[in-house]
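The values are calculated or read from the model by the stated rules, or taken from the named source; none is laboratory data. What you see is a predicted model, and the numbers here were worked out from it, not measured in a lab. Here the Cβ is made from the backbone with ideal geometry for all residues, glycine too, and neighbour counts use every protein chain on show.
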Amino acid sequence: MDFISTRGQYKNIDFQQVVLEGLSRDGGLFIPASYPDLSGQLKTLKQLPYCELAFEIFRHFTGESILESELKNIIKNSYSTFQSEQVTPLKHLNETTILELFHGPTFAFKDVALQFLGNLFEWILTQKNRQLNILGATSGDTGSAAIMGVKGKKNINIFILHPKGKISQIQEKQMTTVLDENVFNVAIEGTFDDGQRIIKEAFNDLGFKDQYNLGAINSINFARVMAQTVYYFYSAFRFNEKYPDAPLVFSVPTGNFGDIYAGYLAKKMGLPIKKLILATNENDILYRVLTTGKYEVKAVHQSISPSMDIQIASNFERYLYDLLDQNAEKLVQKMELLNHTGGFTIDEQEMAKASELFIPARIETARIEECILKFAKNGYILDPHTAIGVAAAEDNSEDRVICLATAHPGKFKDTVEEILNSAIELPDALSSLFDKEARCLTTPAKTEAILDIIRSNCSV
């Protein structure tokens, strides 16, 4: 399969190049030139276990760039690290269905994509005899999942930026206690959006990118989104076994538009999704653009759901490309407005088009706390991000909704315990973190400072 850039300058890019480059050289995001139509294969796909389903989806995108036997091995190795044989099991609770995405090694949904991407990176680099220096930013979960995906792997260094003091203690410990020589944790004195800005500026410095072989592990990397489509298909099949007449409605807590874009991609591939509930916290740029037409960057509000404390949703560009009828010129104009004025608008026709699939929801802190307390009384503990998705489903749909549980509540232990006024049990892998040695650099949120760290730790 060939890939193109959302900004129109790059076409006919193969899958391996898409994975290694991450961000297109024109600043755009890679998307398939065309999408596979799986609508006629759903009955067959429904019978497959998770890894076989992943293979049947991935092979349409990887094409001839990876031998099928090699792809199957990469998938098998990636999901052997999960605690559930189903990888992403469903749990039916009264009127709500929970899609548990936290059974990977770091107890967050990012593992589903990043365990695969780490193994994929290693395989491609071995084939090409190349070195890759991965640069990524995290609002909490991406960093630890990315590090666990590539730590100790050959031909890879990873540099992860996180906003100092703005992620949970456990999230920080999960990253900084990994002491492998190829892992570099950097706390920036700023926000997650500052981290994303640094990433884009580094990748847009093409001389530096080429000299130091920069690669991306954030959801700007298409392989991330591709991997996340699988659990939409898998959960839909399991859901329809129990509720054969129920429409497919997913509620997705999202800040960067990556996880919900995977649902949109699944819809484009033929999964009959009726609605995607786009659930945000107080950092509601996605809610605002779909309700007012204004994509306007504001100050980041620190919340009890820190992984969603984002004001620039980088993956929205992929959806915007389709919303603008795949007009790269119009998209570039909007991205330039965003860079120069801090925002852009979409018109009423585009808003109406988006509303055919998306239901935007903004969930306040008090509603999050209320939702956590309600479910705890029935014996199920939600993390604050999952609670946003569950609350949004309760407030915006009369259908039974599949709510994406994006993290184990133990990752936000202090917040959850404060809401419940009682202790929660931590998995051993999380409780043991506090006894481990940590290593982290601290630096101003400036691009040149990050480039200097890469220069100091990588040979050319």
## Note on the structure
Exactly one of 312, 304, 277 is closer than 25 Å to residue 7 by Cβ, of a type in the set (A, V, I, L, M) and outside any helix (DSSP H, G or I), and that residue is 312
#### Entry: region 343-356 - residue that is more than 23 Å from the chain's Cα centre (by Cα) and touching a residue at least 24 places away in the same chain (Cβ under 8 Å) and, of those, surrounded by the fewest Cβ atoms within 10 Å (Cβ to Cβ)
348
### Task
Quickly run through region 143-175 and pick out the residues that are in a helix (DSSP H, G or I), under 18 Å from the mean Cα position of the chain (by Cα) and among the aliphatic types (A, V, I, L, M).
145, 146, 147, 148, 150, 175
### Message
For residue 246, only one of the following conditions fails: (1) surrounded by 21 or more Cβ atoms within 10 Å (Cβ to Cβ); (2) touching a residue at least 60 places away in the same chain (Cβ under 8 Å); (3) farther than 28 Å from residue 335 by Cβ. What is its number?
### Response
(1)
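Only one of 125, 179 is among the aliphatic types (A, V, I, L, M), more than 26 Å from residue 312 (Cα to Cα) and part of a loop (DSSP other than H, G, I, E, B); which? Before you say what the answer is, go through the steps one by one.
On the way: 125 fails: part of a loop (DSSP other than H, G, I, E, B).
Just a single option satisfies the conditions, and that option is 179.
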## Note on the structure
Selection from region 1-19 of residues part of a loop (DSSP other than H, G, I, E, B), among the polar types (S, T, N, Q) and surrounded by fewer than 19 Cβ atoms within 10 Å (Cβ to Cβ) yields 9, 12
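How many residues are in a helix (DSSP H, G or I), within 18 Å of residue 230 (Cβ to Cβ) and either at pLDDT below 95 or more than 20 Å from the chain's Cα centre (by Cα) (or both) when one looks only at region 20-52?
Taking region 20-52 first, the residues in a helix (DSSP H, G or I) are 20-21, 39-45, 50-52.
Filter again for within 18 Å of residue 230 (Cβ to Cβ), leaving 39, 41-45, 50-52.
Now drop any that are not either at pLDDT below 95 or more than 20 Å from the chain's Cα centre (by Cα) (or both), which leaves 39, 41-45, 52.
Residues that pass the stated criteria total 7.
Please pick out the residue among 39, 5 that is of a type in the set (Ser, Thr, Tyr) and farther than 30 Å from residue 213 by Cβ.
On the way: 5 fails: farther than 30 Å from residue 213 by Cβ.
Exactly one residue qualifies, and that residue is 39.
Return the residue satisfying two criteria in turn: it lies in region 210-228 and is in contact (Cβ under 8 Å) with a residue 24 or more places away in the chain and farther than 30 Å from residue 53 by Cα, and of such residues it is farthest from the chain's Cα centre (by Cα). Outline the logic, then answer.
Initially, region 210-228 is screened for residues in contact (Cβ under 8 Å) with a residue 24 or more places away in the chain, giving 211-228.
With the extra rule that they be farther than 30 Å from residue 53 by Cα, the set shrinks to 211-214.
Numbers: 211: 28, 212: 25, 213: 23, 214: 19 Å.
By that ranking, first place goes to 211.
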### Query
Which residue, of 78, 69, is closer than 30 Å to residue 433 by Cα, among the hydroxyl-bearing types (Ser, Thr, Tyr), part of a helix (DSSP H, G or I) and modelled with pLDDT of 95 or more?
78
## Note on the structure
Over region 98-121, the set of residues surrounded by 24 or more Cβ atoms within 10 Å (Cβ to Cβ) and in a helix (DSSP H, G or I) is 110, 111, 112, 113, 114, 115, 116, 117, 118, 120, 121
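Residue by residue, here is whether (1) touching a helix residue (DSSP H, G or I) at 6+ places or on another chain (Cβ under 6 Å); (2) assigned to a loop (DSSP other than H, G, I, E, B) holds:
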| residue | (1), (2) |
| --- | --- |
| 354 | yes, no |
| 382 | yes, yes |
| 389 | no, no |
| 395 | no, no |
| 403 | yes, no |
| 412 | yes, no |
| 419 | yes, no |
| 429 | no, no |
### Query
Looking at 264, 243, 287, 231, which one is in contact with a strand residue (DSSP E or B) (Cβ under 9 Å, 6 or more places away or on another chain), modelled with pLDDT of 95 or more and closer than 28 Å to residue 11 by Cα?
264
### Query
Quick one: would you say residue 395 is modelled with pLDDT of 95 or more and under 21 Å from residue 175 (Cα atoms)?
no
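In the list 132, 93, 101, which residue meets the criterion of being hydrophobic (A, V, I, L, M, F, W, C) and under 19 Å from the mean Cα position of the chain (by Cα)? Spell out how you get there, then give the answer.
Details: 132 fails: under 19 Å from the mean Cα position of the chain (by Cα); 93 fails: under 19 Å from the mean Cα position of the chain (by Cα).
Among 132, 93, 101, only 101 is hydrophobic (A, V, I, L, M, F, W, C) and under 19 Å from the mean Cα position of the chain (by Cα).
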### Subset of region 39-55 (residues that are of a type outside the set (A, V, I, L, M) and under 11 Å from residue 75 (Cα atoms))
50, 51, 52, 55
### Task
Pick out the one residue from 296, 329 that is over 30 Å from residue 237 (Cα atoms), of a type in the set (D, E, K, R), in contact (Cβ under 8 Å) with a residue 60 or more places away in the chain and surrounded by fewer than 22 Cβ atoms within 10 Å (Cβ to Cβ).
329
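Yes/no matrix, rows are residues, columns are (1) under 30 Å from residue 159 (Cα atoms); (2) surrounded by fewer than 24 Cβ atoms within 10 Å (Cβ to Cβ); (3) in contact with a Phe, Trp or Tyr (Cβ under 6 Å, 6 or more places away or on another chain):
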{"position": "385", "(1), (2), (3)": "yes, no, no"}
{"position": "391", "(1), (2), (3)": "no, no, no"}
{"position": "396", "(1), (2), (3)": "no, yes, no"}
{"position": "406", "(1), (2), (3)": "yes, no, yes"}
{"position": "409", "(1), (2), (3)": "yes, no, no"}
{"position": "413", "(1), (2), (3)": "yes, yes, no"}
{"position": "424", "(1), (2), (3)": "no, yes, no"}
{"position": "429", "(1), (2), (3)": "yes, yes, no"}
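If you go through region 58-80, how many residues are hydroxyl-bearing (Ser, Thr, Tyr) and crowded, with 16+ Cβ neighbours inside 10 Å?
Looking only at that region, the number is 4.
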